[in-house]
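Before I ask anything, here is the structure I am working with.
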Amino acid sequence: MTDINNHRWQFWIDRGGTFTDIVAQRPDGELLVHKLLSENPSRYTDAPIQGIRDILGLTADEAIPAEAIESIKMGTTVATNALLERAGDPTLLIITKGFGDALRIGYQHRPQIFAREIVLPEMLYDRVIEVNERYTAQGEELIPLQVDDTLKQSLQTAYDDGICACAIVFLHAYRYPTHELQIAELAREIGFTQISLSHQVSPLIKLVSRGDTTVVDAYLSPILRRYVNSFSQQLTCSIPLPSSTHP
């Protein structure tokens, strides 16, 4: 095993679809490079964790010592792959009444102007709920937020059907987010675990651009969160925590 007592390592990890590349800096400043398959279930469950173990020279039954590591920074294609494969979480779009088709209509770009068959992109959201609310561009509350039993039941039905991620996109919310925040609280009470608000994710003036980005955030964030949690758990499980540590 590498002598790592009283030293601190740093790791920079690129977890790609095929290979995982790791650059590590030893405590003395020397850089090490390591490469391994991102998927190799017969040998390990997680490539970055295995790569760290390899670099530190740890055997299978040795724990990763927490005190030896200063930082771990990782980039991953987990979300990119999920987007390309359309493997994100089921997502609900909650949008201002009358704009339920706004993201589907988009900007009507025609890259092939003479194409006789227009193939529209697949939408990432599974369902749309329109909410009766409206701010003007100047911040006047034109239509107060209408939270009635029908809206509550629609949200509950979506959640009961297995949709736990929602993207909330209201007109002019990039400057006037009060209604988005109120619906987010309702969604949180129902049990939605991923709530993406357009004014937080992408505070753009244009509804379509803001909406598209917010939907992607709701669609992919749960996957990234699960991967990060899994990585952290594996790292923590590999580290013998001191008795004074509390959960």
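The values are calculated or read from the model by the stated rules, or taken from the named source; none is laboratory data. Just so you know, these numbers come straight off a predicted model, no measurement behind them. As a convention, Cβ positions derive from the backbone with ideal geometry for all residues, glycine included, and neighbour counts pool all protein chains shown. Surface accessibility is based on the protein's heavy atoms, side chains included, excluding ligands, DNA and RNA. Shrake-Rupley method; radii C 1.70, N 1.55, O 1.52, S 1.80 Å.
Quote the convex hull volume per residue of the chain, based on C-alpha atoms, as a whole number of Å³.
Working: hull volume 50.7 nm³, N = 247.
With only Cα atoms used, the chain gives 205 Å³ per residue.
Compute the FRET efficiency between ASN229 and VAL33 as 1/(1 + (r/R0)^6), taking r as their Cβ-Cβ distance and R0 = 35 Å, and round to the nearest 0.05. Provide the component values of the computation, followed by the final result.
On the way: r = 28 Å, r/R0 = 0.79.
Calculated value: 0.80.
Run the reach check for LYS206 against lysines, Cα to Cα strictly under 27 Å, same-chain hits fewer than 8 apart removed. What comes back?
In chain and number order, the partners are LYS97.
Quick one: accessible area per residue over the chain, 1.4 Å probe, rounded to a whole number of Å²? Before the final figure, lay out each step's value.
Values: 14130 Å² over 247 residues.
Accessible area per residue: 57 Å².
Let me ask something additional. How many percent of the accessible area of the chain is carbon or sulfur, using a 1.4 Å probe?
On the way: 7220 of 14130 Å².
Carbon-and-sulfur percentage of accessible area, whole number: 51.
Would you kindly state how much longer the chain becomes between ASP149 and HIS7 on full extension, computed as 0.36 nm times their sequence separation minus their alpha carbon distance, in nm to one decimal? Walk me through the numbers on the way to the answer.
Working: separation 142, 0.36 × 142 = 51.12 nm, distance 6.02 nm.
Stretched fully, the ASP149-HIS7 segment lengthens by 45.1 nm.
Something else: With everything on Cα atoms, drop me the angle between helix 149-160 and the longest principal axis of the chain, reported from 0 to 90° to the nearest 10.
Compared with the principal axis, the helix lies near 30 degrees.
Report, in degrees rounded to the nearest 10, the 0 to 90 angle that the Cα long axis of helix 207-237 makes with the longest principal axis of the chain.
Long axis of 207-237 versus the principal axis of the chain: about 30 degrees.
What distance in nm lies between label points placed 7 Å from Cα along the C-beta direction at THR18 and GLU185?
5.2
Here's something else I'd like to know. Within the set of other residues whose C-beta is less than 9 Å from the C-beta of GLU141, count the net charge using Lys and Arg as +1 and Asp and Glu as -1. The partial results should precede the final answer.
On the way: positive: ARG134; negative: GLU133, GLU140.
With Lys, Arg at +1 and Asp, Glu at -1, the neighbours total -1.
Return the distance in nm (one decimal) between the two label points of a simple spin-label model at ARG86 and ARG104, each offset 7 Å from Cα along Cα→Cβ.
Going by the 7 Å Cα→Cβ label model, 1.5 nm.
Please work out the FRET efficiency for the pair THR193 and THR59, using the Cβ-Cβ distance as r and a Förster radius of 30 Å; give the result to the nearest 0.05.
Working: r = 38 Å, r/R0 = 1.26.
Here the calculated transfer efficiency is 0.20.
Need one word for the stretch 150-228: rounded, prolate or oblate. Basis is the Cα gyration tensor (sqrt eigenvalues a ≥ b ≥ c); a/c below 1.5 gives rounded, then a/b vs b/c decides. Write out the running numbers ahead of the final one.
On the way: a/c = 2.05, a/b = 1.19, b/c = 1.71.
Oblate is the answer for the stretch 150-228, as a/c is 1.5 or above yet b/c matches or exceeds a/b.
Would you list which aspartates and glutamates come within 20 Å of LYS73, measuring only between C-alpha atoms, while excluding same-chain residues fewer than 8 positions from it?
ASP14, ASP21, ASP28, GLU30, GLU39, ASP46, ASP54
Another question, if that's okay. Bin all alpha-carbon pair distances of the stretch 9-82 at 10 Å intervals from 0 and give each bin's fraction as a whole percent.
19, 53, 25, 3
Looking at the stretch 16-158, I'd like the Rg to Rh ratio, where Rg is from alpha-carbon atoms and Rh is Kirkwood's inverse mean 1/r. Let's see the in-between values first.
Numbers: Rg = 24.8 Å, Rh = 20.9 Å.
Rg/Rh: 1.19.
Under a point-charge model restricted to the Cβ atoms of Lys and Arg (+1) and Asp and Glu (-1), what is the dipole moment magnitude of the chain relative to its Cα centre, in debye to the nearest 20?
On the way: 21 positive and 31 negative charges, 114 e Å.
Rounded to the nearest 20 debye, it is 540 debye.
Here is a further query. Just to compare against my own numbers: the Cα pair-distance distribution for the stretch 104-235, 5 Å bins, whole % per bin, please.
So the P(r) values, bin by bin, are 2, 10, 16, 19, 18, 14, 9, 7, 4, 1, 0.
Within the chain, what's the longest run with no trypsin sites (Lys or Arg not before Pro) in a DSSP loop and at most 15 other beta-carbon atoms within 10 Å? Give the range, please. Present the calculation step by step, with values, prior to reporting the outcome.
Values: sites that count: ARG8, ARG43, ARG86, LYS97, ARG116, ARG175, LYS206.
In short, 117-174.
Show me the GluC sites (Glu not before Pro) within the stretch 61-139 that DSSP assigns to loop and that have at most 15 other Cβ atoms within 10 Å of their Cβ. Don't skip to the end; give the middle numbers.
Numbers: sites: GLU62, GLU67, GLU70, GLU85, GLU117, GLU122, GLU130, GLU133; in loops: GLU62, GLU85, GLU117, GLU122, GLU133.
Sparse-neighbourhood loop GluC sites (Glu not before Pro): GLU62, GLU85, GLU117, GLU122.
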